[in-house]
Amino acid sequence: MKDQDIVDLSWDDFDEMRDPRPDNNGFDAVVERAISRRGFLGGALAFGSGALAMGSAGLLSSTTAARAEGAAFTFKPIPIATDFDIHVPEGYQWKVLVRWGDALFSEAKDAYSPETGVSVEMSDKVFGENTDGMETFTDGDKTILAINSEYVNPKINLPADSEGMPKNADEVTLLKNMQGVTVMEVADMGNGFEVVVDSPYNRRITHETQMTMDGPAAGSDLVKTNADPEGMSPKGTMNNCGSGKTLWGTYLTCEENFNGYFGATGEYEVTEGLKRYGIGGEGRYAYEKFDTRYDLSKEPNEPNRHGWVTEINPLDPSSTPVKHTALGRFKHENAEMVQAADGRVVVYMGDDERGEFMYKFVSNGTYTEGGSTEGLLSDGTLYVAKFNDDMTGEWLALTPETTGMSIEEILVFSREAGSKVGATTMDRPEWIAANPLKCEAYCALTNNKNRGVKTNAGGDEQPAMGPNPRETNNYGQIVRWRPEGEDHGSDKFGWDLYVMAGNPTVYDNAYAGSENVNEGNMFNSPDGMAFSSDGYLWIQTDGDDSNEGEFAGQGNNQMLIGNTETGEIGRFLTAPNGAEVTGLTWSPDKKVAFVGIQHPGGSWPDGAGKPRSSVIAVWREDGALIG
Ligand code: FEO
Ligand code: CA
Ligand code: CA
Ligand code: CA
């Protein structure tokens, strides 16, 4: 494969290239198993005894009843779209809040050009590309947003003669600075908010920002480098995907596909740890050719300093971000923090790769409002989820006793630790969202073409079972679990599927989706998720927007709202063709929703020139709450 082709691959396809499926995948056996699963699927979707055991009425019957009674939403759901625009329901307005390249400081007001993009000189003073997770913070009457920029499109950022690969160190710097985190103040001017240019809160955190590490793996030999022989002072955060907000008001940014930034210019030892995380060979963006930090043959431990959950205090621009090793190292999607009944801190986390796991961290200390937060994200236990076919599940502790690994190894190579205890291989865990009104949480399992086809990168089988019931799953599903005793600190739970995406106009089997999916609301690849304070589940998609074949009738990527009591799902927003919808937070007064539009196609939103990833603001014309 030529250099310029690598940059066109999705992260999913990049992983596939590193770990291709076998030519002969035993197709007959797969079909045989798929057929034998149909009986189970019927049972799982009917939410029979398992759901009742959790104290819940069966989703299927309540969905049907609610549908017969009429609308369950305060908006009129909208049809699909296939254009290069945004659509929201009647009675709602939207506007662009901030675009890739928009200035955070007045000195960068001319940093963006429609012809050439962002200048390298100003690249750390503007809003980054490919917006993703975000959270809202307040300081007195000030509103501050912290927003991830997940990755870059090199062909959009670099001059045409680079053909999508940096040809010098400046171009590497540009690509690095277009990722990371933006902290910025926004002000309510009565029109969906505006960025406060030159606000003292404004800050960019990039691949170069100085950080610290805490938790058991900080300072271990696994994270020491030539530049940091103590292993305590890593630089930079990268591929910042989903987000989280701590109970004490700081931002959690989650490092996802960090593997692709590393490559080798010479000999290096190909370890199990590198292989399991898809690290090796040639990097996606040729960083290693211009910066030894990314060169495995010079700094073999540098990749171990990425793939963490990093905490940022958005109210203090001089604060040093902290990488929390106690939360494990994997392709972190987001970090959903809740509290156990006894006050301990619980963080739910997904590892977004085909056949990887779902995790939770539970602190040893307890949190009380205004109390010390010391150790709450550095001292505790990491667990991995095991789902049983009988709709029960358990959290398995990852300890030296259960894994035979040292605590440093468990945290740096969490995937291997999860494999050792028999965690359940999942259909790409994306965002996890906890219901603020009851003790339950949801994880978007976006899709998994390898389910029933091949093992994960660690050799763990991926049979169709439990919450991952379909072979070659191109649609995805959302699993919900309810902790035993209504306590997020419990190590046991019951589970069901809130929704199985599918296409009822193409299929009449399990691939048609669950009963709450119909021709009017269908979608594929659920990804971003967040609960509004009124207990509705907002679902964002990152899937196939071809509107053809098995995706016919599903249109562009979209944001839907789910009623978790009735199961009903209605479409709220459609994105421009090419874009995924990812990242969602609300203004402090809950009257405005901020929504991320990543990798749009065409020339959205400017109407000419390059497509620009943006955060939009959405509000109701009558000023009613929407969050
Ligand atoms: Fe960055 Fe798994 O989405
Ligand atoms: Ca995502
Ligand atoms: Ca995704
Ligand atoms: Ca993405």
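The table that follows gives values for the structure above.
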quantity: Test for S123: is it without any contact (Cβ under 8 Å) to a residue 60 or more places away in the chain, crowded, with 21+ Cβ neighbours inside 10 Å, small (G, A, S) and more than 16 Å from ligand 1 (Cβ to nearest atom); calculated: yes
quantity: Output for region 436-450, where each listed residue is open to solvent by less than 10 Å² (accessible area, probe 1.4 Å), more than 18 Å from M391 (Cα to Cα) and either more than 16 Å from ligand 2 (Cβ to nearest atom) or part of a loop (DSSP other than H, G, I, E, B) (or both); calculated: T446, N450
quantity: Residue that is open to solvent by 10 Å² or more (accessible area, probe 1.4 Å), in contact with a Phe, Trp or Tyr (Cβ under 8 Å, 6 or more places away or on another chain) and among the hydrophobic types (A, V, I, L, M, F, W, C), where the choices are V346, V338; calculated: V338
quantity: Inter-residue pairs, beta-carbon under 7 Å, first open to solvent by 10 Å² or more (accessible area, probe 1.4 Å) and in region 417-433, second β-branched (V, I, T) and at pLDDT 95 or above, 6+ apart; calculated: K420/T403; V421/V384; V421/T402; V421/T403; A423/V384; R428/T446
quantity: Pairs where the first residue, in region 274-295, is of a type in the set (D, E, K, R) and the second is modelled with pLDDT under 95, C-beta under 7 Å, 6+ apart; calculated: R284/I6; R284/V7; R284/F14
quantity: Selection within region 229-245 - open to solvent by 10 Å² or more (accessible area, probe 1.4 Å) and either under 30 Å from V581 (Cβ atoms) or touching a Pro at 6+ places or on another chain (Cβ under 9 Å) (or both); calculated: K245
quantity: Wholly within region 319-381, strands (runs of 3 or more DSSP E) carrying at least 2 residues that are within 16 Å of ligand 4 (Cβ to nearest atom); calculated: 332-339, 344-351
quantity: Among (1) in contact with a Ser or Thr (Cβ under 8 Å, 6 or more places away or on another chain); (2) open to solvent by 10 Å² or more (accessible area, probe 1.4 Å); (3) not small (G, A, S) - the single one T182 does not satisfy; calculated: (2)
quantity: Members of region 565-594 found to be in a strand (DSSP E or B), within 26 Å of A187 (Cβ to Cβ) and away from ligand 1 (no atom under 16 Å from the Cβ), listed by number; calculated: F572, L573, T585, W586, V592, A593, F594
quantity: First in region 348-369 and of a type in the set (K, R) and at pLDDT 95 or above, second anywhere and outside any strand (DSSP E or B) and open to solvent by 10 Å² or more (accessible area, probe 1.4 Å), Cβ under 6 Å, 6 or more apart; calculated: R354/R428
quantity: Options V453, V506; residue that is part of a loop (DSSP other than H, G, I, E, B), free of Cβ contacts under 8 Å to residues at least 60 places away in the same chain and away from ligand 3 (no atom under 16 Å from the Cβ); calculated: V506
quantity: Hey, Q558 under 23 Å from the mean Cα position of the chain (by Cα), buried (at least 24 other Cβ atoms within 10 Å of the Cβ) and within 21 Å of G101 (Cα to Cα) or not; calculated: no
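The values are calculated or read from the model by the stated rules, or taken from the named source; none is laboratory data. Given the structure is predicted, the values throughout are model-derived calculations rather than measurements. Don't worry about glycine lacking a Cβ; one is built from the backbone with ideal geometry, like all the others, and counts go over all protein chains shown. Calculation scope for accessible area: heavy atoms of the full protein, side chains included, ligands and nucleic acids excluded. Shrake-Rupley method; radii C 1.70, N 1.55, O 1.52, S 1.80 Å.
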